[in-house]
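The values are calculated or read from the model by the stated rules, or taken from the named source; none is laboratory data. The structure displayed is predicted, hence computed values, not measured ones. So basically every Cβ, Gly included, is an ideal-geometry build from the backbone, and we count neighbours across all protein chains shown. For accessibility, only protein heavy atoms count, side chains too; no ligands or nucleic acids. Shrake-Rupley method; radii C 1.70, N 1.55, O 1.52, S 1.80 Å.
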Amino acid sequence: MREITYAQAGLEAVQEEMRRDGKVFYMSTDAILPLVKEFGEERMRATPIAESTMTGMSIGAAGSGFRPICDWRQVTFCFVAMDQIVNQAAKITYMFGGQQKFPIVYRAAVGGGGRLAAQHSQSPYSMFMNMSGLKIILPSTPRDLKGLLKSAIRDNNPVISFEGNRLLAMKGAVPEADADETIPIGKAEVKRQGKDVTVVALAWAVHETLAAAETLAKEGISVEVVDPRTIAPLDVETIRESVRKTGRLVIADEAGPVCGASAEIATLATEDPATFKALKAPVKRVCALFVPIPYSPGLEDHVFPDRNKIADGIRAVVKA
Amino acid sequence: MALGPNTLREMLHTMQTIRRFEERASDDYHAGKIYGVVHCYIGEEAIATGVCGALRDGDQIISTHRGHGHCIAKGADLDRMMAELYGRRDGYCKGKGGSMHIADFEKGMLGANGIVAGGISIVTGAALAAKMEGKGGVAVSFFGDGASAAGPFHECMNIAAAWKLPILYVCENNGYAAQTPASTTLARGGEVAVRAAAYGIPGVVVDGNDIFAIHEAAEKAVARARAGEGPTLIECRTYRWRAHTERKGQPDYRPPEEIAAWKAAGKDPIARLVDHLKAKHGFTDAEWQEMDRQILDRIEQSCRFAEKSPFPAPEEALDDVFAA
Ligand SMILES: Cc1ncc(C[n+]2csc(CCOP(=O)(O)OP(=O)(O)O)c2C)c(N)n1
Ligand SMILES: [Mg+2]
C-alpha cells in the first residue's frame with residue numbers, strides 16, 4: 001500500500017467525499033488550495049475570522065440539506081464559538097425531538113510540541129466529550145484519519161474531528177481512493193498485542209506508547225496498545241477485554257488529566273466488576289501536567305508525556 | 001500639535017528600532033534561537049509609533065499576534081523582549097509566553113494575544129477602569145482587518161459608544177488575514193472605518209504609512225477620549241512586507257508586484273520620514289547612518305542579554321498558574 005502523510009490523508013477524505021456528494025462543502029478562514037482548484041470558491045469558502053458564525057452557519061446549512069465541513073484550524077479558535085457548539089449543535093437534534101438531521105463535521109487540530117505557548121497548544125477534547133450530542137473522532141494514523149473522516153462526513157450528526165498537530169507530517173499506509181475505505185465511528189483498534197499490561201493511548205500518545213513498548217519488550221514486559229480512535233462514542237468493550245486479559249491498565253494522553261478522556265477511560269474500565277476483579281495493580285495515567293502549556297522548549301517538554309515517561313509509568317504498574 | 005524635529009527623530013528611532021528588531025527576530029528564528037512562530041510588523045511601524053506617541057504614561061494598550069512593534073512603541077525593554085523570544089528566564093514572561101505573548105503591565109502594555117480579536121474586550125475593560133478611576137486615562141486597542149470581522153469588535157464598539165469609554169480602536173488594515181484578502185471577506189470590500197457611523201462615533205481612515213496622519217488622528221481621538229466624549233475608530237491602511245509568519249514554507253500568495261509597490265520608497269513609512277527630516281530639518285545621511293548603527297548595536301546587546309540569561313528550570317513550568 002502507498003504511504004501518505006496524515007495531512008494528505010485528511011485532504012483525500014474531504015476530496016473523495018466532496019466528489020461523492022455535491023452537498024458537502026467546506027468553510028475555513030484560509031482557503032485550502034487543492035479544494036478551491038477542484039471544487040471552486042462556492043464549495044471551498046474562505047471565511048472571515050468569525051468562528052462563532054461559521055460554527056452556527058454550519059448548523060443552519062446542515063439543517064437545510066447541506067453537509068458542511070467547518071474547519072476551525074486550531075481547536076483554540078473554536079472557543080469563541082462555544083455557544084454554537086454547546087448550546088446549539090450538541091442539543092439541536094434532541095431538543096427538537098429528532099425532527100431534523102444536522103450532518104456537520106467540525107475539524108480542529110489539537111496538541112502541543114510546537115513551542116507555540118498556552119493559547120496554541122491545547123488538547124481539550126474531554127470538554128466536548130462532556131456534551132452529549134457530539135460525536136468525536138481522534139485518529140492517530142493517516143489511515144484512521146481518512147477512514148474516520150469519511151465516516152464523519154457521511155454521519156447525520158455533528159462530529160468533531162480532533163487531529164494531532166504532531167501527526168500532520170507523519171506518514172503511513174493508506175488505501176487508494178477506489179477502495180473507498182471507511183472506518184466505523186466507535187470502534188477501537190488494538191495497535192499492538194501484548195499480555196502484561198494494557199496501555200490505552202490517544203492520538204500522538206499512541207506512537208509514543210508503541211515506541212515505549214519496543215523498549216519494554218527488551219526488558220521482558222509485553223505491552224498491549226489499544227487505540228480507541230474515537231472517544232465519543234468510546235469502545236469500552238475492547239478496552240475492558242484487553243484489561244481482563246492483561247490485568248493492568250495505563251492510560252497515555254497528551255491532554256491534562258483532570259476530568260480528561262483518561263479519567264473517563266479509567267472509570268469505564270474499572271466500574272465493570274469483571275474487569276475490576278482482573279486488575280493486579282492500580283490504574284495509572286500518564287498525561288500532561290495540569291498547567292497551561294509554556295513556550296520555552298525545556299518547560300514544554302517537562303509538561304508533556306513522552307515515550308520515556310510512558311515507559312516509566314508502565315514499569316511502575318508492572319512492578320506494583 | 002505639529003511635530004517638532006526632536007520628536008520626529010525619536011519617532012524615526014522607534015520605527016527603525018521596530019524594523020531592526022523584527023529583522024533580527026526573523027534571523028534568529030531561522031537560526032533556531034527563537035521557537036514556535038514569529039509575526040513581523042515590518043511595513044506597519046508608523047502605526048504603533050504614531051499612536052503611542054500620542055499617549056502618556058499610564059495609558060494602556062493591547063496588541064495582537066503581531067505584537068513586537070506595539071511593545072517597543074509603548075516603551076518595553078528590548079532586553080527582556082529578546083530574552084522572552086529566546087525562551088529565557090529573564091524574558092518578560094519567564095519563557096512562558098514567547099513571541100505571541102509579550103506583555104509589560106508596568107508600561108501599560110496589556111499583552112500580545114494569540115487569539116484574533118481576543119484583546120479587544122480586555123482593553124475595553126481597561127478603558128472602563130480608566131473611566132471609573134476618573135483620572136483621564138485612555139486605552140488603545142490595536143487589531144487587524146481580520147479581527148474587524150469578529151464579534152468582539154462589534155460588541156465593543158457598541159458598548160464603548162454607549163458608555164462613552166475613553167478608547168481608540170486602531171485597525172491596522174493591511175488588506176489580508178493570513179492568506180485571505182480582506183476584499184473577499186469584509187463588507188464594503190474591506191472598508192472598516194465607515195462602520196463607526198452605525199455606532200455614532202467618529203471613524204477616520206488614515207494612510208497607515210504616514211506617521212503625521214496617524215499621529216494627528218490619534219491626538220484628536222485621545223483628546224476626545226480624555227474629555228469624556230467616547231471612542232474613536234481609526235483605520236490605518238497599510239501593508240505587511242513579509243509573509244504572515246516567519247515559518248519555513250509559509251505560503252505567501254500575494255501578488256509580487258503588490259508587495260514591491262508597498263516596499264517602494266514613496267510608501268515605506270520609514271523612508272518617508274527620513275526624506276521629510278532631510279528636506280525640512282537638515283537631517284543628514286551621516287546622522288541617519290549613525291542612528292541606525294546605534295539601533296543595531298542596541299539590538300545586538302539585547303541578543304547578548306538574552307543569550308546570557310538561563311533557560312528556566314523545567315519545574316518552573318509549574319509556577320505562576322495562580323497569583324500569590
Ligand atoms: C479566533 C482566531 N481565529 C483564527 C486565528 C488564526 N490566525 C492568526 S492571525 C490570523 C490573521 C489575522 O489577520 P488580521 O487580524 O488582519 O491581522 P494581521 O495578521 O493582518 O496583522 C489568523 C486567521 C486566530 N489566531 N484566532
Ligand atoms: Mg490583516
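So here's what we get for this one:
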{"item": "Sites matching trypsin sites (Lys or Arg not before Pro) across the range B:1-87 that sit in DSSP coil, with at most 13 neighbouring C-beta atoms within 10 Å", "result": "B:ARG56"}
{"item": "Accessible surface of A:LYS101 - all protein chains present, 1.4 Å probe, nearest 10 Å²", "result": "120"}
{"item": "Distance (nanometres) between label positions extended 7 Å along Cα→Cβ at B:PHE105 and B:GLU155", "result": "2.3"}
{"item": "For the range A:3-179: rounded, prolate or oblate by the Cα gyration tensor [a/c cutoff 1.5]", "result": "rounded"}
{"item": "In degrees, nearest ten, helix A:51-63 long axis to first principal axis of chain A (Cα)", "result": "70"}
{"item": "Highest-MSF residue in chain B out of B:ALA196, B:ALA286, B:ALA187 [GNM, Cα springs under 10 Å]", "result": "B:ALA286"}
{"item": "Distance between the range A:11-34 and the range B:74-145 - C-alpha centres, whole angstrom", "result": "38"}
{"item": "Anisotropy class of the range A:204-320 from Cα gyration tensor, a/c 1.5 cut", "result": "oblate"}
{"item": "Centroid-to-centroid separation of the range A:178-229 and the range A:50-67 [C-alpha atoms, Å]", "result": "35"}
{"item": "Average partner coverage of A:109-122, which counts Cβ from other chains inside 10 Å", "result": "4"}
{"item": "Dipole of the protein assembly as shown, positive end: most advanced residue of A:SER151, A:SER123, B:LEU186 [Cβ charges, Cα centre]", "result": "A:SER151"}
{"item": "Size of electric dipole in chain B: Cβ of Lys, Arg +1 and of Asp, Glu -1, about Cα centre, debye, nearest 20", "result": "380"}
{"item": "Dipole magnitude (debye, nearest 20) for the protein assembly as shown, charges at Cβ of Lys, Arg, Asp, Glu", "result": "1040"}
{"item": "Contact order relative to length of the range B:201-286, as percent, for alpha carbon pairs under 8 angstrom and 6 or more apart", "result": "28"}
{"item": "Cα-based helix-to-principal-axis angle, A:142-154 vs chain A, degrees rounded to 10", "result": "50"}
{"item": "Amide hydrogen neighbours beyond the local backbone of A:ASN157, cut-off 5 Å, H modeled", "result": "A:ILE104"}
{"item": "Prolate/oblate/rounded label for the range B:183-281 (Cα gyration tensor, a/c 1.5)", "result": "oblate"}
{"item": "P(r) of the range B:5-308 over all Cα-Cα pairs, binned every 10 Å from zero, in whole percent", "result": "7, 29, 36, 23, 5, 0"}
{"item": "Reachable lysines from A:LYS245, criterion Cα separation under 26 angstrom, eight or more residues apart if same chain", "result": "A:LYS187, A:LYS191, A:LYS195, A:LYS218, A:LYS277, A:LYS280, A:LYS284, A:LYS309, A:LYS319"}
{"item": "Relative contact order of chain A, pairs being alpha-carbon contacts under 8 Å that are 6 or more residues apart, as %", "result": "17"}
{"item": "Base-10 log of normalised Debye intensity for the protein assembly as shown (one unit scatterer per alpha-carbon) at q = 0.07, 0.08, 0.11 Å⁻¹", "result": "-0.50, -0.64, -1.13"}
{"item": "GNM result for chain A, Cα springs below 10 Å: residue of A:GLY56, A:GLY22, A:GLY97 fluctuating most strongly", "result": "A:GLY97"}
{"item": "Cα-based convex hull, chain A, per residue volume (Å³, whole number)", "result": "132"}
{"item": "Choice from B:ASN158, B:ASN173, B:ASN113 showing the highest fluctuation, given a GNM over chain B with Cα pairs closer than 10 Å", "result": "B:ASN158"}
{"item": "Neighbour-limited loop hits for GluC sites (Glu not before Pro), the range A:263-320 (at most 13 other Cβ within 10 Å; DSSP other than H, G, I, E, B)", "result": "A:GLU271"}
{"item": "Tilt relative to chain A, helix A:307-319 - C-alpha long axis, 0 to 90 degrees, to 10", "result": "40"}
{"item": "Within 10 Å of each Cβ in B:113-123, the average number of Cβ atoms from other chains", "result": "3"}
{"item": "Over the protein assembly as shown: helical MRE at 222 nm, DSSP H runs n ≥ 4 each giving -39500 (n - 2.57), nearest 500", "result": "-12500 deg cm²/dmol"}
